[in-house]
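Encoded as structure tokens, the structure appears first; notes follow it.
Any read-out appearing in this document is the output of simple, stated calculations on the displayed coordinates, not a laboratory observation. Since the structure is predicted, the reported quantities are computational estimates derived from the model, not experimental observations. A quick note on method: Cβ atoms are made from the backbone with ideal geometry, for glycine too, and the neighbour counts reach across all protein chains shown.
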Amino acid sequence: MSPVLALRECAAALPPQGVSAGRPVARDAFVAAMARAATGVWILATEGPVGPVALTVSAVSSVSADPPMVLACVNRRSHARDAVLTAGVFCLSLLTDEQVALADVFAGRPAEGEPFDFTRAEWTTAVTGAPVLAHGAAHFDCVLSSSVEAGTHTILIGTVVSAARAEGSPLAHADRRYARVVPLDQ
Ligand SMILES: Cc1cc2nc3c(=O)[nH]c(=O)nc-3n(C[C@H](O)[C@H](O)[C@H](O)COP(=O)(O)O)c2cc1C
């Protein structure tokens, strides 16, 4: 074997420089890097055994269009996670940039008033019975199809039984701040 080939084989067997094979990156480095990713800001809501439950979430993604499916990652310690697993339904409402105060209410840290106060917003009822935020940018009403435990979070995967879009500019979140979406082609 030529020395060049031997060197290439050797390099292929080693992890890339600076990578310790299989060992997770430090939490702070992970969180700092992930904060750069711009996301939408959503209210995940369901009907709990003793009334409506809602939580601000940004870890939301489209999964499939045929059939229509979405996912949301919710902390295992969250009351909303248990409520969704019990109810078997949830609705994701996308906030607009005029609903930023609601993001903090349902993150449990309102600038004023009580955390998780449903009277701070107007709601309607989705097909599944889950609460839909009125005047949101869009909503996805879901039947829970499966859930996956992953680290500190539970991935809730839902089949979308009704969806709609509305007026208003979606609220974004990046670098730990709320933001507006500004198109670049204007
Ligand atoms: C913009 C934003 C996005 C969030 N995204 C998520 C999320 O995707 N999943 C989640 O479980 N919690 C998310 N949270 C946190 C919850 O809304 C809530 O603050 C947290 O569960 C309450 O934690 P505590 O019980 O420690 O106060 C987010 C909060 C904010 C403000």
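Relative contact order of region 113-155: 23 percent, from C-alpha pairs under 8 Å at least 6 residues apart in sequence. Each label point was placed 7 Å from the Cα along the Cα-to-Cβ direction; for Ala35 and Thr152 their separation is 1.4 nm.
Considering just Cα atoms, how many Å³ per residue does the convex hull of region 68-173 enclose? Walk me through the intermediate numbers first.
Numbers: hull volume 11.5 nm³, N = 106.
Spelled out: Cα convex hull of region 68-173, divided by residues, is 109 Å³.
Computed from label points 7 Å out along Cα-Cβ, the spacing between Ala164 and Asn75 is 3.2 nm. Under the criterion of Cα pairs below 8 Å and six or more residues apart, the relative contact order for region 115-186 equals 23 percent. Going by neighbour counts of Cβ atoms within 10 Å, the residues Ile43, Ile155 line up, fewest first, as Ile155, Ile43.
Given +1 on the Cβ of Lys and Arg, -1 on the Cβ of Asp and Glu, and no further charges, what dipole in debye does the chain carry about its Cα centre, rounded to the nearest 20?
700 debye
With contacts taken as Cα pairs under 8 Å and at least 6 residues apart, region 39-174 reaches a relative contact order of 30 percent. Is the shape of region 25-106 best called rounded, prolate or oblate, per the rule: a/c under 1.5 gives rounded, else a/b larger than b/c gives prolate, else oblate, with a ≥ b ≥ c the square roots of the Cα gyration tensor eigenvalues? Since a/c stays below 1.5, the shape of region 25-106 is classed as rounded. What the Cα convex hull of the chain gives, in volume per residue, is 190 Å³.
When ranked by the protection proxy of mean other Cβ atoms within 10 Å per residue, highest first, what sequence do the peptides 21-27, 79-85, 110-116 form?
79-85, 110-116, 21-27
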